Each structure stands twice: as C-alpha cells, then as structure tokens.
1. Those residues that are over 22 Å from Asp173 (Cβ atoms), small (Gly, Ala, Ser) and in a helix (DSSP H, G or I), I need them from segment 225-275; list them, please.
2. Test of understanding: among Met286, Met272, which residue is in contact with a strand residue (DSSP E or B) (Cβ under 9 Å, 6 or more places away or on another chain), hydrophobic (A, V, I, L, M, F, W, C) and surrounded by 20 or more Cβ atoms within 10 Å (Cβ to Cβ)?
3. Quick one: which strands (runs of 3 or more DSSP E) sit completely within segment 376-443 and have at least 1 residues that are at pLDDT below 80?
4. Let me confirm something: among Thr113, Thr117, which residue is surrounded by 19 or more Cβ atoms within 10 Å (Cβ to Cβ) and closer than 30 Å to Ser299 by Cα?
5. Take Asp134 and tell me if it is surrounded by fewer than 17 Cβ atoms within 10 Å (Cβ to Cβ) and modelled with pLDDT of 90 or more.
6. Output the residues belonging to segment 435-490 that are of a type outside the set (A, V, I, L, M) and under 30 Å from Leu32 (Cα atoms).
7. When His327 is evaluated against the numbered criteria (1) of a type outside the set (D, E, K, R); (2) touching a helix residue (DSSP H, G or I) at 6+ places or on another chain (Cβ under 8 Å); (3) closer than 30 Å to Glu255 by Cα; (4) at pLDDT 80 or above, which criterion, by number, is the only one it fails?
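The values are calculated or read from the model by the stated rules, or taken from the named source; none is laboratory data. This one's a predicted model, so the numbers in the text were calculated from it and none came from an experiment. So basically every Cβ, Gly included, is an ideal-geometry build from the backbone, and we count neighbours across all protein chains shown.
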Amino acid sequence: MSALGTKTSPPGPPTLPLIGNLHIFPRESTHLQFTEWARKYGGIFSLKIGTGTVIVITCPDIANELLEKRSATTADRPSLYAADLVTGGLHIALIRYGDTWRALRRAAHSILTPKATARHLPIQIAEATQLLYDMLCTPEYFNKHIKRYSSSVIMSVMHGKRSPRYETPETADFFRLEQEWTTFIAPGATPPWKDTAARIRKMQRGFFFRLLAATEERVQRGEQNGSYMEELLEKRDELRLDTDMTAYLGGTLIEGGSETTSSFLNSFILCMVAYPEALKKAQEEMDRVVGQDRVPNLSDLQNLPYVRAVILETHRFRPVAPLLFPHATTYKNYSIPAGSTIFVNYWGISQDPTLYDAPDVFCPTRYLLTQNGTKLGMKTSSMGPTLAFGFGRRSCPGIHLAENAINIHVMNLIWAFNFEPALDVDSCTESIHSMILTKPLPFNCRITPRTAEKAEIIRREFVDAAGTYRKFEFGLSQEDREFVLNSRDR
C-alpha cells in the first residue's frame, strides 16, 4: 500500500532507453508473466511502454484502495485505437470515461437491477433445461451446447429472441462476428488497417442493428415478451440514448454475457472431470437436499454450502478474466502518473500462496473453512465473492444475471450428470489465454446421466418448457422450425 502515498514509483523490470519494457511485454498468457514479476517486485509494480506507464496490481487491498475507494479517478479505460475504429467508441466495456459512458452505464443499471433480473428467470431456467436435454442427447457436443445456451439466453433476455440450435442464423452470425472482432483487437494482432476495421464495423453494426430493428418490429406488432430492450426502447428519450447507443448497448451486453458464461461452464466441467472427489461431494450434498425426483432451483442454493463453494473455487481456480478489464487513471501523485493503464492481476491474486493454501489445487472445501477461501487468520475484507466481476464504477453491470445463470447451471449439471475423463485428463487442464479472457483448451470427457429416472425428468422438463420457448421464437428459419417440431414431439 505504501507505494500509493510515497514519492517513489512502484518497482518493476529494468527498462531500455526509449522503449522502456516494450521488448519484454508479454503478448500471450500475459497474466502468467505478470504473476512471475509480482512474486519478484511485489503487489504493485510498473512497466514502461514507450512514454506510457502500465501499473499491475496483484494485491487485493491495493486494488480495493485504488479502484474502489478512488474510483472517481480510476474509472477510465485506456485508449484502444483498434476497438474505436470498429465501435466508434460505443462499446460499454471499452468506452472511455465521460458523458457517453455515463449514459450507457445509467441505462444498463436501469434495466439490470436484481428485481428486473428476477423477471427473466423463466427463460433462463428454460434455456438451462434445453442445455440439460442437449447434453443428454448428444453429450459429445457439450461445448457446442454450452455456446448455444450462452448466446441464446442472453439474446433472449436482451432482445427477446432465442436460438433453438447452435446453427440458428443469429447464433451463427454472432460467433462469426466474435471471431473476427476478438482477433482484430487481440494484443499482438496485425496492425488495425482501416479496411479491415471497416469490414468488421459493417458486420458488427449489421448484427446489432438487425436485433434492435427486430425488437422494434415486435413491439409495434404488440408481441412483447418482457425483454430488456423493450424496456430500454420505452426509456430511450428519458435516458438520452440515440439509436447507435441503444443498438450498441444491447449488442455489447450480449457479447459480454455470452463468452464469459460459456468459458466459466467449460472450466467447471473440466474441474469436475479432473477432480472427481469434488464432484462426488457436491453430488452427495445435492442428493441430501434436493433428492432424486426434481431438478434443483435457485432457492435450494442457500442449503447447498459445498455447491456454493464449488462455484467460488471455479472462479478462483480458472478465472474467466485473469486480468479483468484494464483501467486508466486520472489520479496523479508521484507514484502513479495520470493516464497510466492499470491491470488487476486477478490470476496472480487467486494463485498467491501467501493468501491460499495449495492455490494450484481445486479445493472447494477452502470456502467452508474461511469466508473467502483464504488461509486462516488472513484479513480479506477486499476479497468478496464479486471480485471476479471487476472493481468500482467499471464492474460488470450484468452481475445479477450472470450469477443466476452460473448458479442454475452448476446445480443442474451436478444433479443430472456424471463427468469422467475420456482421455488422460492431465493433457487437457491447460487453458487458452488471451489478454482479456481464458477458456479451457478443447477436451473430451464422458457425460452420462446419473440415473435413468433423472434422464426421464430432463426429457419431461424440456417438453414442459415449450410454452416458455415459444414466447421467444420469432422469425425462425425452416431448419429451426423442423428442429423445434421434431425435438418437442419426442
């Protein structure tokens, strides 16, 4: 903490003239190198990238001090030229701090309240039911099923339109767009040529604006289903949102909600495969509390402390966003220059052996021993359960929606299935790393229903959810209509 109030700069690796640390700045698995440097230079260190300064925080207390208590001066984002070429500065996660960000943030908070989130539980539960059904029918394609779910549920909630299949046109368009977009803005990518940016911008705007137009048309036909964008369209003038801002708010919230949920669920399954003793304990608790004759619901979670610990441990063991999203500061003292880019090294915090016993081991029990899973006697007031969702004014606005999705799925999957390795599990415990998100490398596993009775319950629940699905099934392709008809007639 002392570095925040002294006249010295945080320590860091030696620099070279003009380029600073540019020659050693990691382009891949950035959080791993940051963690190595943190063990050497401490909980806050600095890097010089040309004339700019990068501050890396691997201490929860320092992160809390700088990004929560001083959030008025650390709520900015660094300037991202490539991203702005595509989005026009309207991406809610990447936008610079200012009036446009305030308008978008105010709009997001107005529709993503806990009370509003509760109204969307029926479609979240129905989508979760289809995930169970899909994994029961074709478990070998579980990764596709998770991706379909994660995009469909957030698209349903935001724009009132779901995707019955992974190949549904809207879902296919979304994944093509995301591949192009994330590749374009990835660190170390090809320099942002304007023709490439213009092509991706056309794709992105086309996708976002088509979704918005479809919602507007449904509202005009009187076919509302309670989606967030319907509410936003009603409040657009009050919230001072123009059409571009409205379209980008809806589109970028889909983007953020889809990829993070998908990555978490894949990591959860990988952990269940790699650590069968944790799965067995969770199943034993689930059987005691929920039993065999019904699917769990959110009200059960309060009586499932070990399952809650599994969720927290998955966040810690394989963070979806190991460096969260970078901040930029307008705070100026002798140690942190104004304009510095700030990374919170969540990976380094979660793998810190001074905070956790055996941090490289998946051990949910640690959260039954202490509130935040840390060593006994540690003061961890800065390490609450929402740490994975960011800090201060730039924390994830969809946290309540995301937590519901994660809680529903983890309970469902533990109740319904056994997860066993198909191959040597040690060969697939690594992750694909980028500057922002991580996810497991592709892996195989055997997914089987725990009992024939549970398999039958899943089939029945899927058919019973048809009424909920129909409220969100507009403009389906011929292939989607055939899938819906055939799958629900079984």
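1. Ser267, Ala274
2. Unique residue meeting the criteria: Met272.
3. In segment 376-443, 431-433, 438-440 are the strands (runs of 3 or more DSSP E) which contain 1 or more residues that are at pLDDT below 80.
4. The conditions single out Thr117.
5. no
6. Matches in segment 435-490: Thr438, Lys439, Pro440, Pro442, Phe443, Asn444, Cys445.
7. So His327 meets the others, but not (4).
Residue by residue, here is whether (1) aliphatic (A, V, I, L, M); (2) touching a strand residue (DSSP E or B) at 6+ places or on another chain (Cβ under 9 Å); (3) under 18 Å from Arg294 (Cα atoms); (4) exposed (fewer than 13 other Cβ atoms within 10 Å of the Cβ) holds:
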site	(1), (2), (3), (4)
Pro440	no, yes, no, no
Arg446	no, yes, no, no
Pro449	no, yes, yes, no
Glu453	no, no, yes, yes
Glu479	no, no, no, no
Arg488	no, no, no, no
